[in-house]
Amino acid sequence: MITSQQMKAARALLGIDQKQLAGLAGVSLPTIQRMEASDGQVRGVVDTLVRVISALEQGGVELIGDDSPSQGRGRGVRLREVTSSANRTDKGMSENARK
């Protein structure tokens, strides 16, 4: 449904913090913190997940699943899978970031 990385990225795109997302979704701050701390797919009560996703979508975020086309218009980002030969080391990324 949604990954913790998608939640964090969606919040960043909307310019809101965890407390604001909790308020928009009508859930507690610890719930949002727990969801974002999970590894990969967020698990939880279905109603809670739906509320969080709805709040993000109402803010203008389009959540795109693996291998799914984007249905919307506008700017955005998409994390693509990189092959192992294309992976950078932390050192390589640090050096590139300084340039």
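Charged side chains reduced to their Cβ positions (Lys and Arg at +1, Asp and Glu at -1) give the stretch 12-86 a dipole of some 180 debye around its Cα centre.
Peptides 35-41, 1-7 ordered by packing proxy, namely the average of other Cβ atoms within 10 Å per residue, highest first: 1-7, 35-41. Calculate the length of the line joining the C-alpha centroid of the stretch 52-74 to that of the stretch 18-48, in whole Å. Computed from Cα coordinates, the inter-centre distance equals 17 Å. Which residues in the stretch 14-55 have a backbone N closer than 12 Å to a point placed 7 Å from the Cα of Ser68 along the Cα-to-Cβ line? It comes to 53-54, nothing else. Computed on protein heavy atoms with a 1.4 Å probe, the accessible areas place Arg51, Arg73 in the order Arg73, Arg51, largest first. Placing a pseudo-label 7 Å from each Cα along the Cα-to-Cβ vector at Arg34 and Asp47 gives an inter-label distance of 1.5 nm. Neighbours of Ser28, meaning other residues whose beta-carbon lies under 12 angstrom from its beta-carbon, give a summed charge of +3 when Lys and Arg score +1 and Asp and Glu score -1. With a 1.4 Å probe and every protein chain kept in, tell me what percent of the accessible surface of the stretch 1-81 is carbon plus sulfur. It is 49 percent, rounded to a whole number.
The values are calculated or read from the model by the stated rules, or taken from the named source; none is laboratory data. Nothing here was measured: the structure is a model prediction, and the numbers come from that model. Cβ coordinates were reconstructed from backbone atoms using ideal geometry, including for glycine residues, and neighbour counts include every protein chain displayed. Ligands, DNA and RNA are excluded from the accessible area calculation, which covers all protein heavy atoms including side chains. Shrake-Rupley method; radii C 1.70, N 1.55, O 1.52, S 1.80 Å.
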